[in-house]
1. Could you name the aspartates and glutamates whose alpha carbon sits less than 18 Å from that of Lys235, not counting residues in the same chain fewer than 8 places away?
2. So what does the Cα-only Debye profile of segment 204-268 read at q = 0.12, 0.16, 0.21 Å⁻¹, as log10 I(q)/I(0), no solvent term?
3. Enter the Cα centre distance for the pair segment 41-115 and segment 234-268, rounded to the nearest angstrom.
4. Given H placed on each backbone N at 1.01 Å, which residues far from Ala241 in sequence or on other chains put an amide H within less than 5 Å of it?
5. Mind checking the full-extension length gain between Ala29 and Val198? Use 0.36 nm per residue of separation minus the Cα-Cα distance, one decimal, nm.
6. Is the shape of segment 17-108 best called rounded, prolate or oblate, per the rule: a/c under 1.5 gives rounded, else a/b larger than b/c gives prolate, else oblate, with a ≥ b ≥ c the square roots of the Cα gyration tensor eigenvalues?
7. What would the Debye equation give as log₁₀ I(q)/I(0) for segment 109-242 at q = 0.09, 0.13, 0.22 Å⁻¹, counting only Cα atoms as equal point scatterers?
8. Hey, in the GNM for the chain with a 10 angstrom Cα cutoff, which one of Gly99, Gly51, Gly224 fluctuates hardest?
Amino acid sequence: MKPAAVVLFHNSEKPVARKAQPILRQWFAKRGVRVLPPSRIADAQAAVALGGDGTLLSAARCAAPAGVPVLGVNLGRLGFLAATDLKGIERILESFLAGKLPISQRLMLEAVLPGGKTQLALNDVVIRSRSTVRVITLAARVDGEYLGTFVGDGLIVATPTGSTAYSLAASGPIVQPEMDLLLLTPVCSHSLTQRPVVLAPESVLEISLDSQDRKEEGLLSLDGQSTFPLKTGDKVVIRKAQVRFHIYSDPRRHYFSILREKMKWGER
């Protein structure tokens, strides 16, 4: 069904996005589709994100609570999450308006910060040391049961969508994005025995700064974009969010072909 209104997200720091944004607005206007600002996401039926994966991640945290699906148009370097780039935008937009693009539903994370504030993430929640030259001590519990204490650069709690982001760089597994699970990946662990752990989607993770002999300062990062300070004794609760992110995909491009194209996966 053709949307009556769409929200247009764009990366204002990218000249190509600033140039493409008014062109896209005009394209929609000629087809009788209103373009709304992100603040009116609840009044739209769909959204378009112009930029790289970072733009799409930011759009996800805004659109998911409103249940609005997002079409990613890659203007960046990698564009792993986007359905198209500028070369294929005309075909994809026509299919988009005709309601012919499949929509994938993605698990999101909900992080409860010290003090009770709740934040969403599509890729990952990362807890690391505020100092680049010091390790951090993090104690993890799953559903109240002690999992272990991790000493190293930090911990990544990733979604299947985020399994190919920071978690993959930290030697985590690749997970098909529509799956329901949580992925806990240590970053540069000071142990040969601590490895990534795959958890059930209903698991509730509690991660606390647990140094016994000194004060530590940490940072919590959401999708590598929003950060919050942490101190010794602070606890963060991470679970599957009640909302899901809906993202359009190109039916001609399959997940493993994107892995081969973008990540050079399987090459020798």
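Values in this text are rule-based calculations from the coordinates and carry no lab data. Computed from a prediction, not measured in an experiment: that's the story for all the values here. Using ideal geometry, Cβ is built from the backbone for each residue, glycine included, and neighbour counts are taken over all protein chains shown.
1. Partners within reach: Glu110, Asp124, Asp143, Glu145, Asp153, Glu206, Asp210, Asp213, Glu216, Glu217.
2. Computed log10 I(q)/I(0) values: -0.62, -0.80, -0.93.
3. So the two Cα centres are separated by 12 Å.
4. Close amide H contacts, sequence-distant or interchain: Met108, Leu109, Glu110.
5. Gain in length upon complete extension: 56.3 nm.
6. Rounded.
7. For segment 109-242 at q = 0.09, 0.13, 0.22 Å⁻¹, log10 I(q)/I(0) is -0.21, -0.46, -1.48.
8. Maximum fluctuation in the GNM of the chain, among the listed residues, is at Gly99.
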